[in-house]
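Down below is the structure, laid out as structure tokens.
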């Protein structure tokens, strides 16, 4: 084989390997959602405005014999969200509208030479709908003062639209160029100030009709579970120990199945600090304790929340 043909084959192998790994890494931001108190009761008619920032950084490894070493990715993400609690046939519910943006930077050694990529853009917008099916009646602010949680069973549906920055000629993008849906069911149980919460769901993806150097890309469902131990302190302060697990999400491009099934365990913590009756700050972080695909990420973030309405 001539040197030019040999180099072409190597570059094709490298691109396929990068697509295999990075398409999986692109799901990490979704799968690592760790949100304690998602299934809790809230007085009807309260509005929330949330602004947040998170930083994610980790290493990415590629399977041999692909000559890519020392791969690293960094994500700076910002989010602006609006949420409102509501009465849904006598049960408490909530709707979220989430507008994210992200900056992604990556670097690695390819065939012994350093390579890097930086990108900034709007990410895919998302909407979520929650309803508590049992144990959380819709209450006004006045009636909510007498409410004491026992067991809550709730369900939610998140829909992500392909509205983010996407260029099919680039391997790394902020947007995903497809729809995704995440149905989930959650259970919350309180013992005084201590609450245990578990939730299980799955991300379902439509096809990406314009993947990098391909005709069509499919992805299997990505199954997720999360658990939280939440403790409420005095003056509205609460903290949580968080656990997150996800598995699945293998991709195929033009009928070629890639061996990139995700599987990961993460642990983390959340701390909420009220500033006054309307403002609060939330700090959170998580780290990977096991990852099958070789993407080992740490996440730290902060969010500010302003609430109004509902008799506050």
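So how do 236-243, 187-194 stack up, highest first, on mean other-Cβ count within 10 Å?
Working: 236-243: 16.8, 187-194: 14.4.
By packing density, highest mean first, the sequence is 236-243, 187-194.
I need the P(r) histogram for the range 210-260: all alpha carbon pairs, bin width 5 Å from 0 out to the longest distance, whole percents.
5, 16, 15, 12, 10, 9, 8, 7, 7, 6, 3, 1
Looking at the range 121-167, what % of the alpha carbon pairs are farther apart than 14 Å?
When every Cα pair of the range 121-167 is considered, 65 percent fall beyond 14 Å.
Just want to confirm a number: the relative contact order over the range 155-211, from Cα pairs under 8 angstrom separated by 6+ residues, in percent.
33 percent
What are the principal axis extents of the Cα atoms in the range 186-312, in Å, biggest first?
56, 31, 26
Which ordering of 131, 275 is given by a fewest-first count of other beta-carbon atoms within 10 Å?
On the way: 131 19, 275 12.
Going from least to most buried by this count: 275, 131.
Here, each number is a calculation from the coordinates, and none is a lab measurement. Please read all numbers here as calculations on a predicted model, not as lab measurements. Heads up, the Cβs are rebuilt from the backbone with ideal geometry, glycines too, and the neighbour counts pull from every protein chain shown.
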